[in-house]
1. With respect to the numbered conditions (1) more than 10 Å from every other protein chain (Cβ to nearest Cβ); (2) in contact with a Ser or Thr (Cβ under 7 Å, 6 or more places away or on another chain), which one is the sole condition not fulfilled by B:Asp165?
2. Could you list, in sequence order, all residues of segment A:95-131 that are touching a Phe, Trp or Tyr at 6+ places or on another chain (Cβ under 8 Å) and more than 24 Å from B:Ile167 (Cα to Cα)?
3. Mind listing whichever residues of segment B:62-107 are under 25 Å from the mean Cα position of the chain (by Cα) and basic (Lys, Arg)?
4. The conditions are (1) closer than 17 Å to B:Cys4 by Cα; (2) away from chain C (no Cβ under 14 Å); (3) not aromatic (Phe, Trp, Tyr), and B:Ala135 fails exactly one of them. Which is it?
5. Working only within segment A:75-110, note down all residues that are in a strand (DSSP E or B), free of Cβ contacts under 8 Å to residues at least 60 places away in the same chain and surrounded by fewer than 18 Cβ atoms within 10 Å (Cβ to Cβ).
6. Looking at segment C:161-175, is at least one residue out of contact with any Asp or Glu (no Cβ under 7 Å at 6 or more places or on another chain), in the same structural domain as C:Thr23 (by TED's automatic domain parsing) and among the hydroxyl-bearing types (Ser, Thr, Tyr)?
7. Could you tell me whether any residue of segment C:141-151 is without any contact (Cβ under 8 Å) to a residue 24 or more places away in the chain and under 15 Å from C:Leu199 (Cβ atoms)?
8. Taking B:Ile197, is it in contact with a Lys or Arg (Cβ under 8 Å, 6 or more places away or on another chain), within 14 Å of another protein chain (Cβ to nearest Cβ) and more than 26 Å from A:Glu115 (Cβ to Cβ)?
Amino acid sequence: MFECLFEQASLLKKICEAIKELTDQACFEVSGTGISLQAMDSSHVSLVSFLLRNEHFSQFRCDRNLTLGLNLKMITKILKTAGNEDRVTLRAEDDGDHLVMVIESKTGNKISSYEVKMLDIDQQAFGVNETDYKASTKMSSEEFQRICHDLLVVGDTVSIEMTKDGITFSVSGTETSGCITCRQSGTVDDESVGTEITLQEPMNLSFALKFLNLFTKATPLSNSVSIEMSADQPLCIHYDIGDMGNIRYFLAPKIDDEEGAGAAGAPAAAPTEAAGGDDE
Amino acid sequence: MFECLFEQASLLKKICEAIKELTDQACFEVSGTGISLQAMDSSHVSLVSFLLRNEHFSQFRCDRNLTLGLNLKMITKILKTAGNEDRVTLRAEDDGDHLVMVIESKTGNKISSYEVKMLDIDQQAFGVNETDYKASTKMSSEEFQRICHDLLVVGDTVSIEMTKDGITFSVSGTETSGCITCRQSGTVDDESVGTEITLQEPMNLSFALKFLNLFTKATPLSNSVSIEMSADQPLCIHYDIGDMGNIRYFLAPKIDDEEGAGAAGAPAAAPTEAAGGDDE
Amino acid sequence: MFECLFEQASLLKKICEAIKELTDQACFEVSGTGISLQAMDSSHVSLVSFLLRNEHFSQFRCDRNLTLGLNLKMITKILKTAGNEDRVTLRAEDDGDHLVMVIESKTGNKISSYEVKMLDIDQQAFGVNETDYKASTKMSSEEFQRICHDLLVVGDTVSIEMTKDGITFSVSGTETSGCITCRQSGTVDDESVGTEITLQEPMNLSFALKFLNLFTKATPLSNSVSIEMSADQPLCIHYDIGDMGNIRYFLAPKIDDEEGAGAAGAPAAAPTEAAGGDDE
């Protein structure tokens, strides 16, 4: 049997929100070490990798490794019925065909129980290379989300350039062009997250804004985000989930002849580099 | 002449909101004892009964019993122009063909006056049997509204079961089932409304969720709601309006062979049991 | 070169919002004295006239008079990316074909720069007669906005009547009529704006509500609005922008045989009276 308890529904809500825009059906792997997931988006262009470690749950039991094929749209709808501070228990029998979700109000006077049929999903095996990225920026996740959203006004393809001075996002449209620079910030006060650049070499690569905007659905999970790049590697957008785990998104760069003013059409090539032989 | 004054527009707004989703044209009866209405919803499946007693108005005059056929959509639109604390006067001449609504701001510096043509509505005579229900639950009206809304995620037909331990709402869909239990609560603190069960016998009946959701438009009128059931009787959903009156909704149970997983189709039969000979 | 600095993006945002519903392309005139615009709405029925004086900018430079043909929809989208307290610089070269907008966050750590291609717009020359209006009312801009919005519930044409007692807005629809009176208020407290009537003679004219509602997009620019009327003259709706300038809208009255219950159809005739020979 698998059973785990989320003390606050809000965490599970945020995780589902961060994944469901990329893929509406997903296979969660549960084992003695925690819960994980790797999935491509429905257009097979980007990859999401998610991990939540067992030791941070107040209750976690997993007798046997299981693959839970879930309809994320339905799970998300059910979670919306939970208050943010309600407790949520997930449970699956070893040979069962459904997931049980029990939602308890803080007072314990209201208990909701849902049984959701699990899906048979063709599971692809992904491996994520643990790359040593040549350039990375840690910045406010809300700021990153806002920039990705704002630049959609101008066009569909963003160039991300990291130098020792800062990170610049540039977009060219047919009648308008725009660029936004966040300067490397020395000291960071308590309330806001600054911008920290770590460089082995400056980097300038282009990506489809549409996918970056999907990735920023993870913003509520963390105050900060890491944007990590190497030449000939997929971009990695990395959100820590407290010290419990993380969620990472991978997207291949657009190649040069696709770029330029007004480039909108074809999505980036599939991030085949993201699928390697080494399991995490 | 009929004339009455609502010291706060908010009360009249809430009453219209509670009725207008069921029927967009309604006949209000005004008499020396107050204002009342009985109407079936436009699909002739459920019944709403509303009463507001004269003695709680600061000004109330009714020289002759009148039937006011009103376009609730228009009345609601006009009421939206009033601030919640504005005063609203309703006025109709004995032989008039329009209702006058006067809305005064608190300061008295702004006065709005609307004349709305009244409608000739084929008035059906209903009588509501004052039943002694075998099982009833008084609970938070907001909680009831939320449960009716949440269970729509799963399916269209809800079973409501009352036992001495609590009230359980269950829905079965094709791939998902859900049930929500509110436990009988002994003591209730000041801020929240608990759940009180009054039973002559346990009861378990099924209803179309769609109508329950329409009934919960009355939620802003009262902190609590009473859910009252007897075998072979329409369900009664009862909201008190302070000590001024009440609004009650009636809905016939779904019969057994319509129930079951995924049952969605036909609405419940008309609540003919609700129409009896005894006037209230 | 033209360059000017808005210390707070919110002012420029409000100005663009106040104009963009009337015309999505507009020619701003910049000169040593400030920024101005005169434009008809896209249906050529009403006129907007806008002025912002140079001396109230902390930075303002204009070497040569320029006409900036701008796509207001795009400018507004870009301004939405700015926080209300961000600083915005506008810049155009004397022979350039684009406007540069630079948005700086308060901390200075984030800088966004947009280049927007300018448009060739057939510029009509308008002159606005500086009329001595026979009747005018200064009232709360929010109240005026609300009244124009609320009366749409009833019909499309509003009669505005000013007497020494107050200003009355009346609308007749097919089944409903409504009128709203704001009384002349003697003293006005600090928090709310009263209603002040200035009369040489009482006035009662009719206008298309649709345009009044477009004009009230300027409401966030000022707590008060002046409604100014003379017989055989276009109505003037006047908002001051602090002591920096103003925005005024002009609309010809509807002539009598178009009025009456349920009149909805044709828009008012073009305010040809608004276009005179005298430049402001």
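1. Result: B:Asp165 passes all but (2).
2. A:Val128
3. The answer is B:Lys73, B:Lys77, B:Lys80, B:Arg87, B:Arg91.
4. (1)
5. Residues satisfying the conditions are A:His98, A:Val100, A:Val102.
6. No, that holds for no residue.
7. no
8. Values: in contact with a Lys or Arg (Cβ under 8 Å, 6 or more places away or on another chain): yes; within 14 Å of another protein chain (Cβ to nearest Cβ): yes; more than 26 Å from A:Glu115 (Cβ to Cβ): no.
Criteria not met by B:Ile197.
The values are calculated or read from the model by the stated rules, or taken from the named source; none is laboratory data. What you see is a predicted model, and the numbers here were worked out from it, not measured in a lab. All Cβ positions, glycine included, derive from the backbone under ideal geometry; neighbour counts span all protein chains shown.
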